[in-house]
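Student: Take a look at this one; I'll ask things after.
Nothing in this text is a laboratory measurement; each read-out follows from the coordinates by a stated rule. Just so we're clear, the structure is a prediction, and the values are computed from it rather than from any experiment. Using ideal geometry, Cβ is built from the backbone for each residue, glycine included, and neighbour counts are taken over all protein chains shown.
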Ligand SMILES: [Zn+2]
């Protein structure tokens with residue numbers, strides 16, 4: 001079944017700018033975004049690029065949480081849940097908490113249908129086989145967790161990494177059920193862990 005977008009989108013009739021909750025947004029083809037991502041990664045080296053993306057993502061997530069907490073009068077982990085919901089509604093993949101107790105770490109986030117994995121399946125690239133592809137989201141989750149910690153008066157300084165990627169089993173589990181049963185060791189979803197440095 002195909003649905004219309006389930007989040008508010010406004011388009012300014014004079015400027016053409018798209019907005020959701022007063023935040024300007026860009027609507028771009030997935031392949032365009034991932035091609036840019038891949039080319040920068042190739043030019044800089046994955047490790048170096050991942051470091052920069054992490055810092056930028058951390059900052060942006062923090063800004064987003066601050067804005068949305070005011071916009072919707074949300075606090076603490078409700079803001080993070082809202083974040084995962086909105087990311088899911090914007091086509092990055094379907095995000096859900098497996099563990100969301102900030103006082104009982106690690107936090108654990110599951111990502112199904114990651115945009116990076118789906119794009120890699122549509123445009124297979126030998127050099128990416130077996131790689132964790134979705135590191136871009138790690139900085140976002142560290143930033144959101146730091147925001148929650150500051151909002152709740154807890155110690156901040158969280159780190160996040162993708163610990164499992166559906167791309168690792170792209171060739172063997174494209175058709176398996178969502179619990180990953182039947183594939184050779186990999187699971188057909190990505191996982192992130194958030195903990196203290
Ligand atoms: Zn992944």
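Student: Which of 9, 109 has the fewest other C-beta atoms within 10 Å, and how do the rest follow up to the most?
Tutor: 9, 109
Student: Here's another thing I want to ask about it. What ranking, highest mean first, results for peptides 26-39, 92-105 when packing means the other Cβ atoms within 10 Å averaged over each residue?
Tutor: Going by the mean number of other Cβ atoms within 10 Å, highest first, we get 92-105, 26-39.
Student: At a Förster radius of 30 Å, what calculated FRET efficiency corresponds to the Cβ-Cβ distance of residue 99 and residue 156, to the nearest 0.05?
Tutor: 0.95
Student: Using the Cα atoms of the chain, I'd like the radius of gyration and the largest Cα-Cα distance, Dmax, both in angstrom.
Tutor: Reported Rg and Dmax, both Å: 17.2, 54.
Student: As a test of understanding, state the convex hull volume per residue of region 1-116 from its alpha carbons, in Å³.
Tutor: 146
Student: Can you tell me the relative contact order of the chain? Whole percent, Cα pairs under 8 Å, sequence separation 6 or more.
Tutor: 20
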